[in-house]
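Since the structure comes first, as C-alpha cells, the remarks are kept for the end.
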Amino acid sequence: MSARDNILGKIRGALGRSRPMTETEAAALRAKLRDHPRGPQPAMNWEPVSRFRERCLSLSSTVDEVATLDQVPAAVGRYLAGSGLERTGVCWPEYAGLNWAGAGLSIEARPAGGDDKIGITGTYCAIAETGTLMLLSGPDTHPVTSLLPETHIAIAPTTRILVSIEDGMDLLRRERSELPRQVAFVSGPSRTADIEMTLVLGIHGPYRVHIVLVTG
Amino acid sequence: MRVGLFVTCLVDLVRPRIGLCTLDLLEGAGCDVVVPTTQTCCGQPGYNSGDRKAAQVLAKKVLREFADCEYVVVPSGSCGGMIKAHYPELLSEFPDLKPDVDRLVARTWELADFLVNVLKLEQVPGRFDGSVTYHDSCSGLRELHVKSQPRKLLSKVPGLTLKEMATPEQCCGFGGTFAVKFGDISSRIADQKCADIGGTGADAVVLGDLGCMLNIEGRLRRRGDSKTKVLHFVEVLAGTRASDG
Amino acid sequence: MQVQSEKFKAGAAKSLNNPHLLKAMGNLRNRMVTGRAKSILELDNFEEIREAARATRDLALANLDYLLEEFERNATARGTNVHWAETGKDVNQLVLDIARSNNVRKIIKSKSMLGEETGLNHFLEASGIEVRETDLGEYIIQEAGETPSHIIAPAIHRTKDEVSDLFHEKHKLPRKTDIAEMTREARMVLRPHFLSADMGISGANFLVAESGTTMIVTNEGNGRMTTTLPRVHVAIVGIEKVLPTLEDVAFILRLLTRSATGQSISNYLTFTTGPKQPGDKDGPDEFHVIIVDAGRTKVLDSNLREALRCIRCGACMNHCPVYQNIGGHPYGWVYPGPIGSVLTPAFVGIENAIDLPNAATFCNQCGVVCPVKIPLPDLMRKLREKQVERGLRPRSERLGLKVWAWFAARPTLYSALTRIAARLGHWAGGRTGLIHSLLGGAGWTRDRDLPAPQGKTFRDLYAARARRRI
C-alpha cells in the first residue's frame with residue numbers, strides 16, 4: 001500500500017467512511033467546486049479609482065496618472081529623475097514600442113536579471129480594496145521583472161481597476177481557460193519587521209513600487 | 001421572585017462578607033432569597049484539572065440543590081460560567097439530565113447581569129467617595145458577556161468615579177491551579193495587572209470574581225501597596241453598613 | 001525539530017528573568033495586538049466572515065480525502081508532481097531524492113513550519129546540500145543556530161544589537177546599527193543565493209482543490225523568488241491545508257493577514273499552478289508538491305480535530321498572557337502559545353509535553369481572536385483529561401483533587417472542614433490579614449501574599465443570621 005493509500009485510508013477512517021465518497025454523497029461539494037460562490041465580503045462603498053490610489057499610498061507605493069499609453073515614458077522619466085534613480089532598465093515586450101529613448105531612458109524588452117535596477121511591467125488588473133496589482137506569469141509577462149529590480153514600475157489602465165480580489169478571480173475565469181503558472185498579488189514595496197518589530201521597506205523584493213495609471 | 005444564591009466555595013471560605021452583601025442587596029430589592037445549605041462547589045477545579053468524573057458528581061449535586069429556584073444567582077463570573085457555559089458539555093454523557101441542565105442554564109445569572117437585566121436596579125444603598133477601576137474577569141467577560149453591567153451599576157453609586165485602566169480585559173493571571181503550578185508566570189501576569197491598576201491612581205480596584213480578587217490583592221500587598229482597596233462590586237453596591245453577620 | 005517541551009518550566013523561568021525578552025514581547029504586542037485590533041475595524045462584518053471561515057475550514061476537514069484527491073488530479077493535469085509522505089522522515093527522504101535526481105547542490109527556502117517539524121534543513125545539510133533560509137527572521141535564527149520563537153516573526157526574541165553582532169560575525173562586514181541598513185545588508189548577502197540556487201523549497205498556506213494550486217502569503221519577496229527562480233521548486237504542505245476554491249482563499253485571507261500582523265493585505269500573495277508553461281521565460285522546470293500527514297490524520301481522528309482548522313496566523317500567541325511573558329522557546333517545539341499547547345502534545349505525544357496544556361489560565365483571549373474559532377481552552381482541557389486518564393498527573397495533585405472532590409460531595413463534612421480552615425487561615429493572617437507563606441503553596445506565596453479568610457464561613461454566618469431573624 002502506498003503512502004497515498006495509507007493517508008487517504010486514515011483520513012476516511014477518521015471521517016467514518018470505509019470507502020471514497022460516491023458522486024451522490026459528493027454532490028453538494030461538487031456544486032460548490034463548480035459554482036465557487038464567494039464568501040462574505042465587507043461593505044465596500046467607495047469609488048474604486050480614488051480608493052486604489054489611497055490604498056497604494058498607505059502601502060508606500062507611489063501613484064502617477066497619464067491620459068494615454070504614449071505619455072507613459074515621459075511620466076516614468078520624470079519619476080526616475082525626481083527620485084534620483086537609474087535611467088536604464090527592462091520592460092515587458094508589450095511596452096517595447098513606447099518612446100523610452102525620447103524620455104531619456106534606455107529600456108530593454110527582456111526579463112529582468114539580477115543586476116537590473118528598474119523593471120517596468122503592466123498589470124492584469126488592479127484591486128482597489130487593498131491597493132494591489134494582479135500579475136499573471138506568461139511568455140511576455142515575466143514575474144521576475146516585478147520582483148528582482150529595486151524599482152518596480154507598473155502601468156495600470158484605470159479601466160481595469162476592480163473592487164476586490166474576488167473580482168480579479170472572476171475576470172481571470174472569464175478571460176482565461178486555465179490559470180497561468182503564477183498569479184501574483186503585489187501590494188507595495190517589499191517589507192519586513194523581523195528585527196525588533198521595526199518596519200523596513202525593501203528587503204528581497206523591490207524597494208519601490210511606482211504605479212502609472214492610464215486613464216484613456 | 002424566588003432566587004437561589006450560589007455563594008461559591010471561595011466566598012464561603014475566604015470572603016463571606018461578599019455573600020452577605022449579595023443577600024442584603026437582593027433582599028433589599030424585594031427578592032425572596034434561598035441559600036441551599038448543602039451547596040459546596042460547582043466542580044470547576046476538577047473540571048479544569050481534567051477530572052471529569054469528580055466534576056460531574058458535583059455538577060449533578062448542584063442540579064439537585066437548585067432545582068426549584070426561579071433564578072440562580074452567582075456572585076462569580078467563573079462559577080456562573082462553569083454552570084452556563086460548561087455544564088451542558090460536562091453532563092453530555094447523561095442525556096436524560098439534559099432537560100434539567102438546560103433549565104438550570106437558562107435560570108442561572110451572574111450577579112451583575114441579574115441586577116441590571118432582571119431586577120433592573122436603579123438605586124443602590126452603598127456610597128463610595130473616591131475613584132475605582134474595574135477589572136473584567138475573563139470568565140465573566142468571555143463566557144457570560146459581563147462587561148457593561150458592573151459599570152452601569154457602579155455609575156449609580158454616589159461619590160464614585162470610574163477610571164478605566166489601559167487593558168481592563170487582560171487576564172490577571174489567576175487561572176485556578178495555574179496560579180500555584182506556574183506561580184512565577186502567574187505572578188508576573190498579576191504584576192502587570194497591578195501596574196495597570198496603579199497607573200489609574202484609583203483608590204480601589206473592583207471586580208466580580210474571587211479568584212482574581214485574591215490574586216490581585218495578594219500581588220498588590222507583596223508589591224508594597226497596602227492602600228489600594230480590592231473589592232467585589234457587590235461590596236461597593238451594598239455599602240459598608242452591610243453585614244458582618 | 002527536537003522536542004524540548006519537558007523543559008518548559010525551566011525555560012519559562014529563564015524567560016521571566018530576561019529583560020530583553022520582556023522588551024521584545026512588548027514590541028510584539030504593540031505591533032501585532034494593536035495592529036490587529038485596528039485592522040479588523042475595516043471589516044464591518046468581521047464576525048460574519050469569521051463564522052464563514054470556521055464553516056469553510058470544517059467543510060474542508062469533513063471532506064479532506066475528496067478534496068486532496070481533487071487537488072492531486074488538477075495539479076497533476078497541470079504538470080505538477082504530487083507526492084504523499086506519511087511521516088517527517090518520509091518528507092525529508094522525498095526532498096533529498098528529488099534534490100539528488102536533479103543534481104541539486106544549493107537550496108533556498110522560504111518559510112515552512114512543517115519543514116521545522118521534520119528537521120528538514122539539518123537532514124539535507126547532513127547529506128551535503130547547502131540550505132539557505134531566506135525569510136529574514138528565519139535567516140537570522142539559522143545563522144544563530146537557534147529555533148524559531150514565533151510562527152510569523154521567528155527572531156522576535158533577538159535584539160537589534162544581537163543581530164548586529166551576528167551579521168558582523170557572519171558577513172564579515174563593518175558592524176551596522178541601523179535596522180534599515182542591516183536589512184539592506186541581508187538583502188545584499190542573500191541575493192546571490194537566490195540567483196544561484198538549484199532548488200527552492202516553500203511551504204504553502206493553502207492548497208486549492210479546484211485548480212491544483214498552492215499559495216503562499218509573504219511580505220519580503222523571498223517567497224516569490226523561491227517559487228520562481230530555481231529550476232526545481234518543492235512545496236511541502238500538511239494535509240489539513242486544503243480549501244475547495246480560489247474564492248475560499250480570497251475571503252479567508254482578509255482574516256489571515258489582519259489576525260497575523262494587522263495588515264489589510266500581505267505584500268505578496270502567490271498562487272502557483274504547475275511548473276514553467278510553454279513559452280514562459282522564467283519559472284521552475286519541475287514543480288513538486290509533497291502532501292504530508294506527520295500526525296495529522298491522528299488528530300483528525302481525535303477530539304482535537306478542530307485544531308486542524310488552524311491557518312497559522314499567530315493571533316492566539318500574540319494575545320496569550322502566558323506567551324506574552326515567556327515567549328516561544330519554553331514551549332520546546334515548532335508551535336508555541338495556545339496552538340502549540342494543543343499541537344505539540346498531539347503531534348509528539350502527550351507524555352512529551354505535559355506542562356503545555358496546563359500552562360494556561362483559560363482566559364480565552366486566544367479563542368476570541370482565532371479567525372477560525374478554534375476552541376483552544378476546550379482542547380487544552382481535553383488534553384488535561386487525557387493526562388488524568390493516563391495517570392500522568394503528579395501524585396500530590398491527584399490526591400489533592402480527590403480529597404477536595406470527596407469533601408465537596410459531603411456537605412456536612414465539608415462545612416466542618418471549611419469552618420476549621422477559615423478559622424486557622426484567619427489566625428495565620430494575623431493583624432495584616434495576609435498569609436506570607438503556605439505549606440505546599442510556594443508557587444503562590446513566593447511572589448504574592450495570600451489574603452486570609454475572614455474567620456467564619458458564609459454558611460455559619462448565614463445560619464446565625466437566620467437564627468437571629470426567627
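Here, each number is a calculation from the coordinates, and none is a lab measurement. As the structure is a computational prediction, the values presented were derived from the model and not from experiment. We place every Cβ from the backbone using ideal geometry, glycine too, and count neighbours over all the protein chains shown.
Worth pointing out:
- Relative to the longest principal axis of the Cα atoms of chain A, the long axis of helix A:3-14 makes an angle of roughly 60 degrees.
- Loop-resident sites, segment C:21-94, for GluC sites (Glu not before Pro), counting at most 16 other Cβ within 10 Å (DSSP): C:E42
- Under Karplus coefficients 6.51, -1.76 and 1.60, residue-wise ³J(HN,Hα) of segment C:130-147 in Hz, glycine/proline x: 7, 10, 10, 6, 10, 4, 3, x, 5, 4, 4, 6, 5, 5, 7, x, 10, 10
- Convex hull volume per residue for segment B:130-238, taking Cα atoms only, in Å³: 89
- Working note: Karplus 6.51/-1.76/1.60 with θ = phi - 60° gives segment A:81-97 the couplings 5, x, 9, x, 9, 4, 10, 10, x, 10, 9, 5, x, 4, 9, 4, x Hz, where Gly and Pro are set to x.
- Near A:G188, the amide H atoms lying under 5 Å from its own belong to A:L133; only residues 5 or more places off or on other chains count, and H is placed 1.01 Å from N.
- Set of lysines with alpha-carbon distance to C:K9 below 18 Å, sequence-local pairs under 8 removed: B:K181
- For segment A:48-214, a/c is less than 1.5, where a ≥ b ≥ c are the root eigenvalues of the C-alpha gyration tensor. That puts it in the rounded class.
- Helix-derived mean residue ellipticity, 222 nm - over the protein assembly as shown, DSSP H n ≥ 4, -39500 (n - 2.57), to 500: -12500 deg cm²/dmol
- Ascending count of other beta-carbon atoms within 10 Å, so fewest first, for B:E217, B:E89, B:E122: B:E122, B:E89, B:E217
- Fluctuation leader among A:T198, A:T123, A:T88 - chain A, Gaussian network, Cα springs under 10 angstrom: A:T198
- Listed residue pairs exceeding 18 Å between alpha carbons, taken from C:K23/C:K170; B:K120/B:K163; B:K120/B:K156: C:K23/C:K170; B:K120/B:K163
- Residue-wise HN-Hα coupling along segment C:175-192, computed from phi with Karplus coefficients 6.51, -1.76, 1.60 (Hz; x: Gly, Pro): 5, 9, 10, 8, 4, 5, 5, 5, 5, 4, 5, 4, 4, 5, 5, 7, 3, x
- Cβ-derived FRET efficiency at R0 41 Å, C:M188 paired with C:A421, nearest 0.05: 0.05
- Residues considered: A:G119, A:G205, A:G84. Largest GNM mean-square fluctuation over chain A, using C-alpha springs under 10 Å, is found at A:G84.
- Exposure proxy ranking for C:E125, A:E86, C:E385, based on other Cβ atoms within 10 angstrom of each Cβ and starting from the fewest, stands as C:E125, A:E86, C:E385.
- Across chain A, C-alpha contacts under 8 Å between residues 6 or more apart give a mean separation that, scaled by the residue count, equals a relative contact order of 23 percent.
- For segment C:397-469, Kirkwood radius (reciprocal of mean inverse C-alpha pair distance, Å): 13.8
- Once C-alpha pairs closer than 8 Å and six or more residues apart are averaged by separation and normalised to the residue number of segment B:2-117, the relative contact order reads 29 percent.
- A cut-off of 5 Å between modelled amide H atoms, ignoring neighbours fewer than 5 places along the same chain, links A:C91 with A:E108, A:A109, A:R110, A:I120.
- From most to least packed by mean Cβ count within 10 Å, the peptides C:239-246, A:25-32 give C:239-246, A:25-32.
- Once the Cβ-Cβ distance of C:K9 and C:N30 is raised to the sixth power relative to R0 = 22 Å, the FRET efficiency obtained is 0.20.
- Springs between Cα atoms under 10 Å define the GNM used for chain A, and in it the highest mean-square fluctuation of A:T22, A:T141, A:T132 occurs at A:T22.
- Taking other C-beta atoms within 10 angstrom as a stand-in for reagent exposure, C:T457, C:T273, C:T56 fall in the order C:T56, C:T273, C:T457, fewest first.
- Between amide H atoms placed 1.01 Å from N, distances below 5 Å from C:V131 occur with C:I107, all of them 5 or more places distant or on a separate chain.
- With Cα atoms, 0 to 90° folded angle of helix C:46-62 axis to chain C main axis: 70
- Straight Cα distances below 23 angstrom link A:K117 to the lysines C:K281, with same-chain residues fewer than 8 positions distant left out.
- The mean number of Cβ atoms from other chains found within 10 Å of a Cβ in peptide C:213-221 is 5, as a whole number.
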